[in-house]
Structure formats: structure tokens, C-alpha cells
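Here the structure comes first, spelled out in C-alpha cells, and everything after it is commentary.
We did not get these values from a lab; they are worked out from the coordinates using the rules stated. These numbers come from a predicted model, not from an experiment. Quick reminder, even Gly has a Cβ in these numbers, built from the backbone with ideal geometry, and neighbours come from all protein chains shown.
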Amino acid sequence: MKQSDLTLLGRLLTQARPFWGRIAFIYLLNFVAIPLALLTPLPLMLAVDSVIGEKSLPEFLQPLVPDSVAQGHGLLLVVIGMALLISVLGQLQSLLLLALQTQVGERMVLLFRARLFRHAQQLSLNYHDTRGTVDAVYRIQYDTPAIQWIVLNGITPLLTAIFTLIGMIWITAAIDWQMALVALSVTPFVFVLTNVYRQRLRKRWKNVKRLESSAMSVVQEVFSSLRVVKAFGQESHEDERFLRHARSSLDSRVAAIWIEGVFNLLLALAIAGGTAAVLYLGVRHIQSGVLSLGEFLLIMGYLAQLYGPIQSLGKQVTSLQNGFSSAERAYQLLDEAPEVIERPDARPLDRASGEIVFDEVGFAYPQQAPVLARTSARFPAGSVIGIAGKTGEGKSTLVSLILRFYDVGRGRILLDGVDIRDFTIADLRNQFALVLQDPVLFSTSIGENIAYARPEAEFDEIVAAAKAARAHDFIEQLPDGYDTQVGERGLLLSGGQRQRVSIARAFLKNAPILILDEPTSSLDVPTENEMLNELAALMQNRTTILISHRLSALRKCDHIFVLKAGRLEPVATVDSVVAEMNTETSEGEMYGHEKSG
């Protein structure tokens with residue numbers, strides 16, 4: 001939903017509440033520029049009328065200038081000193097303003113960026129699956145600086161221009177009201193022009209950011225799948241795909257700059273027309289004796305500064321559309337409501353016994369057929385539960401529902417007899433340790449990856465978890481031991497090493513419920529058997545949910561279920577699994593490794 005400039009400005013000012021005091025000082029410092037701007041043409045008028053000419057000093061200056069220097073060479077030095085003082089004060093004001101704006105602006109952006117990042121993590125997996133993670137990254141990184149562009153770099157010059165304009169009009173009208181009236185005759189045209197181009201630029205800049213985000217998504221996809229790209233020799237294809245998206249965003253940005261350039265041209269022509277009209281009228285007034293030459297130069301100096309604020313007002317309103325389009329996109333992300341919401345009266349949970357019950361559970365992804373349909377099952381506390389099923393039947397979805405990555409569409413899931421939606425989300429998820437088929441490691445050290453399960457853990461506890469997962473020996477052989485960096489997504493380690501680090505993380509967490517999602521599917525038989533022995537130690541005294549295609553893994557389970565047609569069906573023996581799945585390919589798939597072993 002499109003939001004007006006005033007609505008977005010109000011939201012940004014609310015976001016900037018912790019900095020209001022410093023922002024007010026920055027605004028005040030900006031206003032210091034107004035009297036300095038009003039004083040800038042004064043030395044020139046004094047030099048022409050009072051130093052070169054014989055006109056007396058203006059009344060407000062006479063008490064400040066002693067009679068002994070109020071004429072001749074002494075007055076010239078006073079005028080020169082006045083010009084230097086005004087210039088120095090202007091530069092000091094600019095320097096202090098720049099330092100404060102930079103410090104306050106960057107801190108506002110950081111706070112806004114952190115808020116968006118925190119909110120984006122709370123959004124459902126379905127949101128990120130649908131929109132793509134790069135879109136959220138772009139908004140967090142590139143749209144959040146809008147708060148600095150608008151609140152400091154946009155609104156402050158706008159307010160300064162308005163007050164400067166009022167001062168210029170007042171002084172110019174006091175000297176020659178006719179010239180002031182002629183000078184202001186361009187403002188209705190500037191107002192209409194600004195309003196028309198403001199709307200066009202908002203729409204254009206929003207499109208630019210959408211296309212730039214799309215180009216970024218290509219880069220992210222390629223580098224996250226670089227092995228596949230190289231394996232299929234598709235580098236040239238991806239080059240072309242990136243260039244296609246990048247050119248679209250480039251063309252859109254050039255079009256926006258072109259629109260802004262045309263606006264600036266029309267604005268400059270309007271200002272030039274006003275200046276020409278004032279110049280003509282001013283010369284006629286000098287010729288008729290209404291104005292002195294010094295007064296005329298003063299008015300022309302003010303006129304340049306009068307049109308400066310008018311031009312600045314027009315340019316600021318249009319250039320702010322870039323910032324407002326970014327602010328709108330940032331708030332669109334913030335306005336996305338998390339699908340999984342913690343109840344206001346959610347209850348805490350220290351450590352669960354581990355009994356899980358599915359009670360008539362149904363679930364479907366948006367605009368897709370149901371994945372689960374009125375399925376019911378009971379997983380006793382402390383038991384090892386095996387779950388099999390063909391690819392796409394919803395085994396991983398089942399895990400996501402238990403962890404409340406999604407909420408069930410109907411029915412309920414109970415943990416120790418309590419609906420999981422009644423617990424706080426953090427406490428609920430703290431009851432689970434997760435070992436995935438493709439272990440997720442972060443771009444940091446091995447030790448930190450193990451400690452991700454419990455960041456406050458002591459080093460001795462990390463080592464003990466690694467030993468339990470049989471990861472300690474290979475870690476010690478690495479050049480930096482537990483400080484060894486694993487690279488992006490852990491790709492500097494082998495698949496087996498990554499899996500052991502993942503298992504060590506689960507050991508360290510020591511959660512009452514363990515979820516193993518195809519933990520051995522990518523391993524050969526000897527490695528699989530070794531890994532299963534390590535996992536057996538991890539499963540002790542825990543409710544364990546093991547999702548696997550391998551019969552060798554399922555044989556260690558106390559209860560086995562097959563997920564079929566949206567329902568969990570219990571089977572009596574491991575050998576019944578293949579028949580229950582009712583497919584010829586499954587038997588070869590599930591028995592193949594055992595026979596080859």
C-alpha cells in the first residue's frame with residue numbers, strides 16, 4: 001500500500017525518537033546559516049555605497065563602527081574584515097554541521113537497520129521462500145539509509161530554505177516591494193512543476209530499487225550455487241542473465257535521473273526568467289532614481305539567494321522521492337506481520353519430558369494442495385521414532401511444524417500434553433536439537449560453530465561435545481584447532497567433518513528432543529555405520545525423531561511411521577516400510593546400501 005510523504009515522514013521521526021535532542025541541535029545549527037546568508041551581500045553594498053560612494057552607513061551598523069574608522073581607508077578595512085568574518089563563521093558552521101549530521105545520521109541508520117533485521121528474522125519461512133531472502137537483504141542494507149537522507153539531509157535543508165526564503169522576501173520587499181513581487185511571480189509555476197514531477201519520480205525510484213534487488217538476487221543465487229554453475233559450464237549464461245537484470249535497473253535509474261534533469265532544467269528556466277524580469281525592473285529604478293547602485297547590487301545579491309531557496313525547495317521535494325521510495329519499501333517489510341505469533345499469555349517451559357502428539361493435524365502451504373490431512377500420531381517420551389516416506393510427502397514440513405516454523409492449519413500438536421502454541425516460542429525451540437542432511441555452519445571458527453547451540457558454554461564443554469561426536473581428533477589436526485575458520489557455509493571442511501561439527505553442536509545443546517533429518521543420506525556405508533554409532537550415543541535418554549530413507553538407520557527405532565498421502569501410518573517392522581510406501585523404486589533406494597555393504 002502506497003504511503004504519503006507526510007505519513008512516511010511521521011514514521012521516520014518516530015523511529016528517530018532517541019535522537020530528537022541532537023536532531024533539534026542540528027536543525028538549530030542549520031538555522032545559523034540563515035543570518036549568515038542574509039549578511040553575505042552586505043559588505044559588497046557597503047563597499048559600493050559607503051567606501052567608494054559617500055552614503056552613510058546603515059543605522060544598525062553606526063553604533064558598531066567608531067567614527068574614527070567610519071570613512072575612507074579605515075571603513076574599507078572594516079568592510080573587508082566583515083566579509084572575512086562572515087566567511088569564517090560560515091565555514092565553521094558547515095564543519096560542525098557535517099560532523100554532527102554524519103554521527104547522528106549513521107547511528108539512526110544502524111538502529112533502523114537493526115530493527116528491520118530483527119523483524120525479518122521473525123517473519124515466517126514462507127515469507128522468505130516467497131519473496132526471496134535477497135529482497136529483505138536489499139531493504140535492510142540499502143533502503144534503511146532513507147532515515148538519514150530524509151530526516152537530516154532532506155528535511156533540514158528544506159526548513160532552512162523556507163526560513164531563508166521568508167527572510168529574503170522581507171528584506172527585498174523593504175527595499176523595493178515591486179522587485180520583490182516580480183521575483184516571487186515564478187513561485188506558482190515552481191509549485192505546480194514540483195508537484196507533477198514529485199509523483200513521477202516516486203514511482204520511478206521505487207521501480208529502480210525493485211530492479212536492483214532483482215539483479216542482486218542473481219548474484220546471490222550464482223555464488224551460492226557456484227559448483228553447479230561450473231559443473232554445467234553455465235558461466236556465460238549467468239553472465240547474460242545478470243547483465244539482463246542489471247541493464248534493466250540501469251535503464252530505469254537513467255530514466256529517473258533524466259526525469260529529474262528535465263525538472264531541474266525547467267526550474268532553472270523559470271528562475272532565469274524571474275531574474276531577467278527583476279534585472280530589467282531594477283535598472284529602470286536606478287535610472288529613475290528610486291534605487292541607488294549599492295541598493296540594486298544588494299537586491300540582486302539577495303535575489304540570487306532568494307532564488308536559491310526556491311530552487312532548493314523544488315529540488316529537495318523531488319530528490320526526496322528517492323528517499324521516500326526507500327522508506328516506503330523499508331516500512332513495507334516492517335509492516336509484514338509474522339505468521340507465527342506468540343500468545344500474550346504464553347507459558348514458560350524449562351525442560352520437556354518429550355512426549356509429542358499429533359492431533360488431527362492438517363497443513364497446506366499458501367495456494368498449494370494440503371501436505372498433511374488430519375494426521376494423528378503419538379511419539380512417547382524417550383523413544384526413538386523413525387519416519388520414512390517418499391520425497392515430497394512432507395517429512396521436513398512435519399519437523400517445521402513441531403518447531404513452529406509454521407503453525408498448523410487445523411488440529412494441534414501437543415508437547416507433554418500441552419498445545420505447543422501455548423509455550424513461548426524461544427522456550428519451545430530450546431527443547432530441540434537439530435541435525436540436518438546438509439549441515440549448516442557459519443563463516444566463523446569450528447569452536448564458535450559448536451557453541452552456536454549454547455554461546456555461553458565454556459571451552460571445556462565445547463571440547464567434550466566434540467569428543468562425544470568424534471570430531472575432536474580431526475579438529476586437533478587442523479592448523480588452528482578449534483579456532484580454524486570453516487569458510488562460507490563450512491565449505492572448507494569435508495561433508496563428514498561438517499556433519500560431526502553439527503552433531504557436536506547437538507551434544508552441547510543437550511536438549512530433551514533430538515531431530516535427525518536424513519543425517520546419513522549423503523554418506524557411504526562404512527561412514528554411515530560409524531555416524532549411526534555416534535548418533536546412538538546422542539539419542540540416549542532423549543525423544544528422537546529420525547527421518548531417513550535408510551533401513552539401516554530405521555532398524556534402531558522403537559516406533560516407525562510412514563508418511564503417505566498426508567498421514568502418518570504406523571508400521572510394525574522395518575521390512576514393512578517398503579511395502580507401505582508402495583513403490584518399486586523405494587525398495588532399491590532403501591535396501592541398496594545394505595546389500596552393497
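Quick notes on this one:
- Selected from Q141, G105, H119, residue furthest toward positive end of dipole (the range 99-217; charges at beta carbon): H119
- Taking 7 Å steps out from each Cα toward its Cβ at D416 and S400 produces label points 2.8 nm apart.
- Cα-only Debye scattering, the range 233-384: base-10 log of I(q)/I(0) at q = 0.20 Å⁻¹: -1.28
- Kyte-Doolittle mean at least -1.0 and Cα axial length at least 24 Å: DSSP H helices in the chain: 72-122, 155-175, 187-224, 235-287, 293-334
- The charge dipole of the range 356-596, taken about its Cα centre with unit charges on the Cβ atoms of Lys, Arg (+1), Asp and Glu (-1) only, comes to about 600 debye.
- Annotation: extensible slack from L250 through N533 equals 96.3 nm (criterion: 0.36 nm per residue apart, minus Cα-Cα distance).
- Charge dipole (Cα centre; +1 on Lys/Arg Cβ, -1 on Asp/Glu Cβ; no other charges) of the chain amounts to roughly 1480 debye.
- Dipole orientation for the range 356-596: of the candidates A426, F474, Q367, Q367 has the Cα lying most toward the positive pole (charges on Cβ; Lys, Arg +1; Asp, Glu -1).
- Structure-based [θ]222 nm, the chain - -39500 (n - 2.57) summed over DSSP H runs of at least 4, per residue, nearest 500: -19500 deg cm²/dmol
- Each listed q (0.14, 0.16, 0.21 Å⁻¹) maps to a log10 I(q)/I(0) for the range 164-275, found by the Debye formula over equal Cα scatterers with no solvent: -0.72, -0.82, -1.05.
- Enclosed volume per residue, in Å³, of the convex hull spanned by Cα atoms of the range 356-596: 129
- Stokes-Einstein D in µm²/s, Kirkwood radius over Cα pairs - the range 434-551 at 37 °C with 0.692 mPa s viscosity: 233
- Along each principal axis, Cα extent of the range 5-334, largest first, Å: 88, 39, 36
- Förster radius 30 Å - calculated FRET efficiency between D480 and A426 (Cβ-Cβ, nearest 0.05): 0.35
- For the pair T573 and R210 in one chain, pulling the backbone fully straight at 0.36 nm per residue adds 125.3 nm over the alpha carbon distance.
- Computed lengthening from Y27 to Q368, 0.36 nm per intervening residue step minus Cα-Cα distance: 117.4 nm
- Environment charge of E355, counting only residues whose C-beta is closer than 9 Å and scoring Lys/Arg +1, Asp/Glu -1: 0
- Fraction of beta bridges assigned by DSSP in the chain that are antiparallel (%, nearest 5): 50
- Only alpha carbons enter this Debye calculation for the range 117-162, each as an equal point scatterer, and the log10 of I(q)/I(0) it gives at q = 0.25, 0.26 Å⁻¹ is -0.84, -0.88.
- Cα-based Kirkwood hydrodynamic radius, the chain, one decimal, Å: 30.3
- Dipole-positive endmost among L441, Q497, L415 within the range 356-596 (Cβ charges, Cα centre): L415
- Peptide packing: for 458-471, 277-290, the average count of neighbouring Cβ atoms within 10 Å per residue gives the ranking 458-471, 277-290, highest mean first.
- Environment charge of G411, counting only residues whose C-beta is closer than 13 Å and scoring Lys/Arg +1, Asp/Glu -1: +1
- When +1 charges are put on Lys and Arg Cβ atoms and -1 charges on Asp and Glu Cβ atoms, the dipole computed for the range 5-334 relative to its Cα centre reaches about 1440 debye.
- Counting lysine pairs in the chain whose alpha carbons fall under 29 angstrom apart, excluding pairs fewer than 8 residues apart on the same chain, gives 20.
- Net charge over other residues, Cβ less than 15 angstrom from the Cβ of R17 (K, R count +1; D, E count -1): +4
- Built amide H within the under 5 Å cut-off of F379, gap 5+: I356, V357, F358
- Pairwise FRET efficiency - D407 versus R470, Cβ, R0 = 30 Å, nearest 0.05: 0.20
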